[in-house]
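The values are calculated or read from the model by the stated rules, or taken from the named source; none is laboratory data. This structure is a prediction, so every number in the text was calculated from the model and none was measured. Positions of Cβ are backbone-derived with ideal geometry, glycine not excepted, and every protein chain shown enters the neighbour counts.
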Amino acid sequence: MANAYDAVVIGGGHNGLISGGLFAKAGARTVVLEARDKTGGAADTSAPWSEHPDFRVTTYSYVMSLMPPTIIKELQLERHGYKVTPFGPYYQAFPDGRSIKVYADDAKKNFESISQFSKKDAETMPTWDAWLSGVADVMGPLLLHVPPKVGSMKPSDLLEQLRVVWSARGLGVRGVGDVTRLFTMSVTDLLDDWFESDEIKAMLTINGVIGTWAGPDSPGTAYVMLHHSIGDVGDGHLGSWGYQEGGMGGVSDACRRAAESFGAEIRTGARVARILVRGGRAVGVALDSGEEIRAPVVVTTIHPQIAFLRLLAPNELPADFVRDIENWRTRSGVVKINLAISELPDFIADPGKELQDHHTGSVELCFSPQYAEEAFQDAHLFRKGAERPFVDGVIPTTLDKTLMPEGVHNFSMFTQWVPDDWAEEPHRDELEQYADRVIDLYDSLAPNFKASVIARQVLGPYDLEQELGLIGGNIFHGELSVDQLFHMRPAPGYADYRTPIRGLYHGSSATHAGGGVCGIPGWQAFRQAKRDRMLAKRAQ
Ligand SMILES: Cc1cc2nc3c(=O)[nH]c(=O)nc-3n(C[C@H](O)[C@H](O)[C@H](O)COP(=O)(O)OP(=O)(O)OC[C@H]3O[C@@H](n4cnc5c(N)ncnc54)[C@H](O)[C@@H]3O)c2cc1C
């Protein structure tokens, strides 16, 4: 049968491509179905301006950190173009003409930079780094664990629960206390326990609120800070991030090429309209066009509210699972601003338009935890775009010459917040005004900035939902709040990449370790399907 496969993967984001590649590598006849006319999902490079067809930007996600070497090796991604360069220092310029630069590997420079704001904080920083690194050493590997069914008394589930507890044995009593703090505290409170200077706290605050519909004063944001501090790009530095050559689309392209090299078929313009179920088992999918594709294994890597609430009928799923997915929280109020600029920012604090260290890392806009909290409250309480948004900014073209023509740079700005319900309407004019404010704020720190902007693209929650199917504009397919992590992601009892339907697996960012371009969900969904198949064969 032409339309019969061993495995069908819904969604051609990086997770779908990774999952599809692994099935194909294992010898399964595999097809990956992507609704858009291109693969990559939120890991994308594009040329958004028709008047500048040679200007390319990293459209949505912008930096790599969390992809485990195991996945890179299994799919031979480096052979297919995966190439990440660790980026430069954290950089924040302040209105008073000072700036902070913090490097991944230069304790002496960091001490000098931080001392300008607080000698005590400069002395504390190595202890903080060691503390965080100790927790991350234990928590990091948990990202590769299949979450157990917590509460289940089945012997096999009890064994899995014990395994997780055992793997965290390195924490000790104090470590468990630290983890409890990280899971329950606000990043503001946690940082107050360690540091005194607002400027230093600002630097550490940003990681606690990336992609989160919560300000730094909200409990649970300390964990988000840890999540974004775990990865390394293979250079051994905790929490260091890097640029993929050719923008984040380069990661997905590498995943796609790898999948195709193993024989996977990748179809674009193929929107799945239904997951086909017979007798409680997935048997394939139907496309928008009416075409049916049959396979005994179906992997969804799209937002769970689309997969489980739109592509399946409620009576095909247990009622409590449907309720959990309906209640899945998926807001974030993120606005991505992509700029083409004709010269690098000439900061008052660090003059010069020529390429310097501080242009090559994160070029931030967040003066204090209070600054970020006010940005959240503008959106949350006052229901307007932040007056002073915070920005996690990068200029990848400082280290990657492949994106833009000589002399032009891409300033990629990840910003927050606008109201979460802006996912329902485009709010174009307000978004443009919001982007104006961001540009003005940078201009106040680097007075050549505004005039250097050649072109801009402003993408709000509505665009993220319409273009990528990120419901509510949440960048991770669902909030990384403590109640939506580990054994709860996306629902208790179904965090093991399986679903209530036999043969249907879930490998989107809404599963454990998801949230980020790490490929773990797609990898795990494949592994679970393979395990089930082996068990079924053994039982025959
Ligand atoms: C603005 C932004 C900035 C981010 N920044 C970073 C960052 O710097 N670093 C980082 O690690 N992570 C970042 N993230 C998060 C990260 O990009 C995502 O978590 C990750 O890319 C999701 O990958 P995925 O494969 O699970 O899903 P997606 O990338 O969302 O892919 C899902 C795919 O499924 C397709 N699809 C949807 N419905 C259907 C259907 N019915 N049929 C067929 N196909 C369908 C979609 O078109 C899409 O291509 C960011 C995300 C955004 C949006």
Answer yes or no as to whether Ala307 is touching a residue at least 24 places away in the same chain (Cβ under 8 Å), within 15 Å of the ligand (Cβ to nearest atom), farther than 30 Å from Pro426 by Cβ and among the hydrophobic types (A, V, I, L, M, F, W, C).
no
Taking region 503-525 and keeping only residues that are of a type in the set (Ser, Thr, Tyr) and either within 16 Å of the chain's Cα centre (by Cα) or within 7 Å of the ligand (Cβ to nearest atom) (or both), one is left with Ser508, Ser509, Thr511
Which number in (1) outside any strand (DSSP E or B); (2) buried (at least 23 other Cβ atoms within 10 Å of the Cβ); (3) within 24 Å of the chain's Cα centre (by Cα) marks the one condition that Ile114 misses?
(3)
Restricting region 48-68 to residues that are in contact (Cβ under 8 Å) with a residue 12 or more places away in the chain and among the small types (Gly, Ala, Ser), which is farthest from the ligand (Cβ to nearest atom)?
Ser65
For region 482-530, give me each residue that is surrounded by fewer than 24 Cβ atoms within 10 Å (Cβ to Cβ), of a type in the set (Val, Ile, Thr) and under 17 Å from Asn327 (Cα atoms).
Val482
Among (1) at negative phi; (2) at pLDDT 95 or above; (3) surrounded by fewer than 24 Cβ atoms within 10 Å (Cβ to Cβ); (4) part of a loop (DSSP other than H, G, I, E, B), there is one condition Glu199 misses while meeting the rest; what is its number?
(4)
Suppose we filter region 1-47 for residues that are more than 6 Å from the ligand (Cβ to nearest atom) and farther than 20 Å from Arg527 by Cβ; how many remain?
12
One residue from Pro490, Pro500 being touching a residue at least 60 places away in the same chain (Cβ under 8 Å), over 29 Å from Tyr82 (Cβ atoms) and more than 8 Å from the ligand (Cβ to nearest atom)
Pro500
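State all residues of region 266-289 that are within 14 Å of the ligand (Cβ to nearest atom), part of a strand (DSSP E or B), of a type outside the set (Gly, Ala, Ser) and in contact (Cβ under 8 Å) with a residue 40 or more places away in the chain; if no residue qualifies, say none. Break it down stepwise before answering.
Looking only at region 266-289, we keep the residues that are within 14 Å of the ligand (Cβ to nearest atom), and these are 266-276, 284-289.
From the residues that got through so far, the ones that are part of a strand (DSSP E or B) too are 266-267, 272-276, 284-287.
With of a type outside the set (Gly, Ala, Ser) added as a condition, the list becomes 266-267, 272, 274-276, 285, 287.
If the condition is that a residue be within 14 Å of the ligand (Cβ to nearest atom), part of a strand (DSSP E or B), of a type outside the set (Gly, Ala, Ser) and in contact (Cβ under 8 Å) with a residue 40 or more places away in the chain, then Ile266, Arg267, Val272, Ile275, Val285, Leu287 are the ones that fit.
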Considering each residue of region 71-110, count those that are without any contact (Cβ under 8 Å) to a residue 40 or more places away in the chain and small (Gly, Ala, Ser), and give that number.
1
Scanning for something farther than 19 Å from Ser508 by Cβ, in contact with a Ser or Thr (Cβ under 6 Å, 6 or more places away or on another chain) and touching a residue at least 12 places away in the same chain (Cβ under 8 Å), does region 324-336 turn up at least one residue?
yes
Only one of Phe376, Phe367, Phe411 is within 16 Å of the ligand (Cβ to nearest atom) and under 20 Å from Ile210 (Cα atoms); which?
Phe411
Taking region 291-304 as the region of interest, how many residues are within 16 Å of the ligand (Cβ to nearest atom), of a type in the set (D, E, K, R) and not in a loop (DSSP other than H, G, I, E, B)?
1
